[in-house]
Every structure is written in structure tokens, then in C-alpha cells.
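Q: Here's a structure for you.
The values are calculated or read from the model by the stated rules, or taken from the named source; none is laboratory data. These numbers come from a predicted model, not from an experiment. As a convention, Cβ positions derive from the backbone with ideal geometry for all residues, glycine included, and neighbour counts pool all protein chains shown. Remember, those area values only see protein heavy atoms, side chains included, never the ligands or the DNA or RNA. Shrake-Rupley method; radii C 1.70, N 1.55, O 1.52, S 1.80 Å.
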Amino acid sequence: ERHPLLRSRVESLLAIVEDAAGDCEQANVAERRVIEELRQMGNEALTAWAERGVEKQTGLAQVEPNWRPGGKKKLYWYTTFGPITVMEPLWRNGTGIERPFSVVAGVACRGSSLPLQRVMTDFGADDAFRPGAAKLKEHYGIDMPVSTVQRTTEPHAEGIYAQDRARVIAPGTVAGVL
């Protein structure tokens, strides 16, 4: 009973399995519906995880001797399941602002998860960045600006290029293989 949205999503998956609505006779239709349900379930699970993390970090922040409440801000980031949004309490520490959930969770507002960065890099490296953004929409249902796909792909490509240049191919080997 702690996670009614997830329970509802599992029931929706079971309805597809049983073809309760009578509209999943074809495999392609059933597959699309399952993919969408799993996407929604993933989004709801990550949102519930984030909300629980905010609660946990709030409890820990309340016992910090020099921290006092400083309002709340909306925190959102993008994942392969879509955007995740929570209200994150801010804590004043002297003249600074602390955001303990963001730090512990390793997320930044308007950022992208590492799995999503990998997907954007794969799609962005395959073609130009515009088709990469279109593939992201087609395969994951995520609208992402072309500039974001570019800003994500280029640093990863630079890292791969640097690793490739640093690789030493010993004499008598083919591409480093004996």
C-alpha cells in the first residue's frame, strides 16, 4: 500500500497480458503498450525513489547544528524514463545554501542521467545531431533539443578520442592484439 502508483502500473501490465480491453490481439500493439507501461513505471519508480531520498536527506539536514531551512526549489533531471521532478528543500549554512539530496543523489537540475547521456551519445554519434534527437523521441519517447544531444555527445566523443590517442600499439601487433 506504500506505492499505489506502482501497484496500478503492474495491474495495467497484467491487463495487457490478459488482453482485458480486447485491443491487444496483435503482437506489435501489445509490445507498444508494454513498452509504454514500463516507461511510465520506471518514471514513477524513480520519482518515488527521489521523493524518499528528499525525505531522508531532510531528516538528516534537520539535525545539522548550523543548518536552517531556506525554502524549496523544484529539482528536475532527465532520464531514459523521462523527466523526474521533486521539490527539494534548501538549507542555509551561514552564507551558503546546501542541497543535500542533489549532492547525495548525484543529480543536477536540468541535467541528464548517465544512461540517458549514453543513449544520446550513441544516437548523436550515429548520424548528425538532429537525427539523433529524432531517434531519442522514437525509441524513448523523450523530446530533447538538438543542442542538448550535441552538448552531450561532443564531450563523450572527445573522451573516446583521447583514450584512442593514448593507446599504444606495440610493434608486431595488430591494433594492440598479439
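Q: I'd like the full set of residues that are open to solvent by less than 80 Å² (accessible area, probe 1.4 Å) and of a type outside the set (A, V, I, L, M), limited to segment 1-22.
A: Ser8, Arg9, Ser12, Asp19, Gly22
Q: Given Gly53, Gly70, which one is of a type outside the set (Asp, Glu) and within 30 Å of Val34 (Cβ to Cβ)? Spell out the reasoning first.
A: Working: Gly70 fails: within 30 Å of Val34 (Cβ to Cβ).
Matching residue, one of Gly53, Gly70: Gly53.
Q: Pairs please, first residue from segment 60-76 and surrounded by 12 or more Cβ atoms within 10 Å (Cβ to Cβ), second anywhere and among the acidic types (Asp, Glu) and assigned to a strand (DSSP E or B), Cβ atoms under 9 Å, 6+ apart in sequence or on different chains.
A: Listed pairs, sorted by first residue: Ala61/Glu98; Glu64/Glu98; Trp67/Glu98; Gly70/Glu98; Lys72/Glu88; Lys73/Glu88; Leu75/Glu88.
Q: Quick one: in segment 12-30, of everything that is small (Gly, Ala, Ser) and not in a helix (DSSP H, G or I), which residue is modelled with the highest pLDDT? Can you show your working first?
A: Residues of segment 12-30 that are small (Gly, Ala, Ser), as a first pass: 12, 15, 20-22, 27, 30.
Filter once more, so that each one left must be not in a helix (DSSP H, G or I): 20-22.
Values: Ala20: 71, Ala21: 75, Gly22: 79.
Once the filter is applied, the top-ranked residue is Gly22.
Q: Now for a separate question. Among the residues in segment 31-53, are any loosely packed, with under 15 Cβ neighbours inside 10 Å, part of a helix (DSSP H, G or I) and of a type in the set (Lys, Arg)?
A: yes
Q: A further question follows. Output the number of the condition that Arg92 fails; it satisfies all remaining conditions of (1) in contact with a Gly (Cβ under 6 Å, 6 or more places away or on another chain); (2) open to solvent by less than 60 Å² (accessible area, probe 1.4 Å); (3) among the basic types (Lys, Arg).
A: Of the numbered conditions (1) in contact with a Gly (Cβ under 6 Å, 6 or more places away or on another chain); (2) open to solvent by less than 60 Å² (accessible area, probe 1.4 Å); (3) among the basic types (Lys, Arg), the odd one out for Arg92 is (2).
Q: Could I ask something else about it? For segment 74-100, what are the residues that are in contact with a Ser or Thr (Cβ under 6 Å, 6 or more places away or on another chain) and either hydroxyl-bearing (Ser, Thr, Tyr) or part of a loop (DSSP other than H, G, I, E, B) (or both)?
A: Passing the criteria: Tyr76, Tyr78, Thr79.
Q: Could you list all residues from segment 103-156 that are open to solvent by 50 Å² or more (accessible area, probe 1.4 Å) and part of a loop (DSSP other than H, G, I, E, B)?
A: Gly106, Ala108, Arg110, Asp127, Ala128, Asp143, Pro145
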